[in-house]
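Contents: one structure, followed by commentary.
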12 protein chains.
Amino acid sequence: MVEKIVELTGTSTSSIEDAVELAISRASVTIDGIREATVEQATAQIEKGKICGWKVTVKVRFAIQDQVHE
Amino acid sequence: MVEKIVELTGTSTSSIEDAVELAISRASVTIDGIREATVEQATAQIEKGKICGWKVTVKVRFAIQDQVHE
Amino acid sequence: MVEKIVELTGTSTSSIEDAVELAISRASVTIDGIREATVEQATAQIEKGKICGWKVTVKVRFAIQDQVHE
Amino acid sequence: MVEKIVELTGTSTSSIEDAVELAISRASVTIDGIREATVEQATAQIEKGKICGWKVTVKVRFAIQDQVHE
Amino acid sequence: MVEKIVELTGTSTSSIEDAVELAISRASVTIDGIREATVEQATAQIEKGKICGWKVTVKVRFAIQDQVHE
Amino acid sequence: MVEKIVELTGTSTSSIEDAVELAISRASVTIDGIREATVEQATAQIEKGKICGWKVTVKVRFAIQDQVHE
Amino acid sequence: MVEKIVELTGTSTSSIEDAVELAISRASVTIDGIREATVEQATAQIEKGKICGWKVTVKVRFAIQDQVHE
Amino acid sequence: MVEKIVELTGTSTSSIEDAVELAISRASVTIDGIREATVEQATAQIEKGKICGWKVTVKVRFAIQDQVHE
Amino acid sequence: MVEKIVELTGTSTSSIEDAVELAISRASVTIDGIREATVEQATAQIEKGKICGWKVTVKVRFAIQDQVHE
Amino acid sequence: MVEKIVELTGTSTSSIEDAVELAISRASVTIDGIREATVEQATAQIEKGKICGWKVTVKVRFAIQDQVHE
Amino acid sequence: MVEKIVELTGTSTSSIEDAVELAISRASVTIDGIREATVEQATAQIEKGKICGWKVTVKVRFAIQDQVHE
Amino acid sequence: MVEKIVELTGTSTSSIEDAVELAISRASVTIDGIREATVEQATAQIEKGKICGWKVTVKVRFAIQDQVHE
């Protein structure tokens, strides 16, 4: 079995977990077989001294179905 | 004073914090004096494009009571 | 435009996100223009086998207003 | 000349070299011009105290033919 | 908003900046919405004791338009 | 489920894979439920210009059965 | 002799070297005795497939004159 | 031959070397065959502007005698 | 509670520990509440084949009193 | 006793272990007392979707006999 | 084929690329077959708030001709 | 000016500083112009639960006099 690992970012106004969820649900529209997403970086976006959002970078791993896209 | 550091993983269906809590509460049954647990890696487990769980790797630090186990 | 990056720690009894929020709101009293805070380390503080708090180290980035303080 | 680097995993029951070979031969069905594959991680999968397989993560570098796919 | 990060290499006979420019202009033919390219590695290619070219590895970040390609 | 990760070294006169095998088979006498062993370092031991052995450092991950040993 | 190291970012439309120069000349208005600035990261900012600027992160080291500011 | 590597901390009021010595002498009560201890981190503990102690984190490597403890 | 972490260098003719002590005693004139200093790098300065001094880089952590200085 | 560490690359058509062997046997013609060679990087060279060779980078450690060459 | 990798520094008053060029042209007087030089670190040297030079550290890779020097 | 950086190990029965001193004094017999030695790793060698020696790995930097030896 061969898998591919791609790097994505996701953002959410509520939490780190939610930002990961968003990136995954977006990627799942076109990629089947996603197995896991490891958090590489988590950054709070700040406005006027308050956190207005979370941006995460994740490494997403999924089984390759028919072909490895470039 | 001498401390030991061990590496554990924990899983939870809800959050990163909860997965750490689980690993610690499980370890505390047999290890006294745990002081802190640093998150080394946090990975979302995915099924059908949804996060179904969080798996964390933590480094757990505790004071050595009577003897250093191998 | 020139920015400065400083390293802070924050603590909270509830979550990683909340510990970052605290560090930022505290820093914002005297620093204008904070844009983001990247989590460098997240550590659970443990008492009697329970997480009693979260301590985070963040790198905070902000635009320099009038002068670069040493 | 422009190249792209993608991250793949491959598995084999025999050796690290064989697991890399599998990932490459699978990727070569759809990607031309692969030049090299650097081993990022090698993990033995264990069952009943025996290695039942090797899983490798590789960074695969190839020349871009017509277009850079997203 | 979701972004994807891909790793490319570019080469130029004149400078590090020019090698990055080449990789980006090549990638922009098929990828819209590229925002930034971070230099991961810069290597001088040498012939007879002279630099004959620069090869750079960059991480390119762009907004995802319609779908996440595998 | 909670897992523990321990660091071991193993040596073999023949190959990297064999040195990992030895460390695992030795550890499996007293540890049940070993799942994987990731190679952290591989070093050839040299005598008179020939490789006389391979020494590997591996991180071994296993499910915790009854209790977390210190 | 005691020195302090601070982390700054600078931007320029022309080159990596120029972005470092800008950060330093800006910092030198209020900090005496700057000795060196090591490039930690260099990122090209892209618009419509062209590099429109360079942003660098530098670690700036300077001798402390009278007192160490917090 | 199989070895195990464990991570310990030790503290001393006098020096880095002494803090390593303490961690080792404490561990040697219950662990035979310790061969080396590599310094991973050395931290001075400060009170009123004076170093009141050194805390070191070491990776301790020892030959496994009879069995690999979990 | 919020803390700040700053990076300093110190030099001494005698030892690594002494170079850390110097950086801390110098910083303590203007910064209250320093708690610890972690050694990031230790470099021997050499003249005519003899060590003539030690230069250390330390990360100094202290509680913030009234305000976070830029 | 003083040792020196040098970085070499070796290539082989068969395996990672064999590529290390080649680098060592070549180095041993002029260097006595080589003790170990740690694998820093292992890269498969690919032609037409097949591995045609392995290239390894190793750090070779040896006792210094008469003098330290520049 | 066996290659050796050595670490050099070079300085220039004009640019990062020029400092690499200088190190290479100096090394090429006595070393044949240099193939590439990877930038490990680039540091601006500052005087009175202006960059007066660039110092680079490079890893230089070359084919070994007759013998591996210690 | 061009410098070379070589990696050496040194051992001493007394301290980390002394092991660096030994490596440098040994290297200075044949290398002129050594400027600094940065500690990369410090390992205590243990016998019967006591530290019997310190082994350090240092990166030694020196100005190149006449020629760059391979």
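The values are calculated or read from the model by the stated rules, or taken from the named source; none is laboratory data. Bear in mind the structure is a predicted one, so any value in this text is a computation, not a measurement. In this analysis, Cβ positions are derived from the backbone assuming ideal geometry, glycine residues included, and neighbour counts consider all displayed protein chains. These area figures cover heavy atoms from the full protein model, side chains too; ligands, DNA and RNA do not enter into them. Shrake-Rupley method; radii C 1.70, N 1.55, O 1.52, S 1.80 Å.
The set of residues in region E:16-34 that are within 9 Å of chain G (Cβ to nearest Cβ) and within 15 Å of G:Ala42 (Cβ to Cβ) comprises E:Ile16, E:Glu17, E:Val20, E:Glu21, E:Ile24. Within region J:8-21, none of the residues are at pLDDT below 95 and hydrophobic (A, V, I, L, M, F, W, C). Among the residues examined, I:Ala23 does not qualify as under 27 Å from C:Ile64 (Cβ atoms), in a strand (DSSP E or B) and without any contact (Cβ under 8 Å) to a residue 40 or more places away in the chain. The condition of being surrounded by fewer than 15 Cβ atoms within 10 Å (Cβ to Cβ) and either more than 7 Å from every other protein chain (Cβ to nearest Cβ) or without any contact (Cβ under 8 Å) to a residue 60 or more places away in the chain (or both) holds for only one of H:Thr13, H:Thr9, H:Thr38, H:Thr43, that being H:Thr13. The number of residues in region B:1-16 being more than 10 Å from B:Gly53 (Cα to Cα) and over 10 Å from the mean Cα position of the chain (by Cα) comes to 5. Among the residues of region A:1-20, the one identified as touching an Asp or Glu at 6+ places or on another chain (Cβ under 6 Å) and in a loop (DSSP other than H, G, I, E, B) is A:Ser15. Here H:Gln65 fulfils each of the conditions (1) out of contact with any Gly (no Cβ under 9 Å at 6 or more places or on another chain); (2) surrounded by fewer than 16 Cβ atoms within 10 Å (Cβ to Cβ); (3) in a loop (DSSP other than H, G, I, E, B) apart from (1).
Within region A:41-48, does at least one residue satisfy the condition of being closer than 16 Å to B:Val56 by Cα and within 10 Å of the chain's Cα centre (by Cα)? Checked region A:41-48: no residue is closer than 16 Å to B:Val56 by Cα and within 10 Å of the chain's Cα centre (by Cα).
Which ones in region B:26-35 are without any contact (Cβ under 8 Å) to a residue 12 or more places away in the chain and either under 15 Å from F:Ile5 (Cα atoms) or of a type in the set (Gly, Ala, Ser) (or both)? Scanning region B:26-35 gives a single hit, B:Ser28.
In the set (1) more than 12 Å from chain L (Cβ to nearest Cβ); (2) in contact (Cβ under 8 Å) with a residue 40 or more places away in the chain; (3) surrounded by fewer than 20 Cβ atoms within 10 Å (Cβ to Cβ), the condition left unmet by H:Lys59 is number (1). Screening F:Met1 against (1) at pLDDT 95 or above; (2) more than 9 Å from chain D (Cβ to nearest Cβ); (3) in contact with a Ser or Thr (Cβ under 7 Å, 6 or more places away or on another chain) leaves a single unmet condition, (1). Scanning region K:16-26 for residues that are touching a Leu at 6+ places or on another chain (Cβ under 9 Å) and open to solvent by 10 Å² or more (accessible area, probe 1.4 Å) yields a single hit, K:Arg26. Among the numbered conditions (1) surrounded by 20 or more Cβ atoms within 10 Å (Cβ to Cβ); (2) part of a loop (DSSP other than H, G, I, E, B), the only one that I:Val29 does not meet is (1).
Taking the criterion of being open to solvent by less than 20 Å² (accessible area, probe 1.4 Å), of a type outside the set (A, V, I, L, M, F, W, C) and closer than 17 Å to A:Glu21 by Cβ, the only residue of region A:46-56 that qualifies is A:Gly53. Within region H:35-49, restricting attention to residues that are in contact with a Ser or Thr (Cβ under 6 Å, 6 or more places away or on another chain) and in a strand (DSSP E or B), the residue that is nearest to L:Ile51 (Cα to Cα) is H:Glu36. Remark: L:Ile24 matches the filter, which requires a residue to be among the aliphatic types (A, V, I, L, M), under 12 Å from the mean Cα position of the chain (by Cα) and within 11 Å of I:Gly49 (Cα to Cα).
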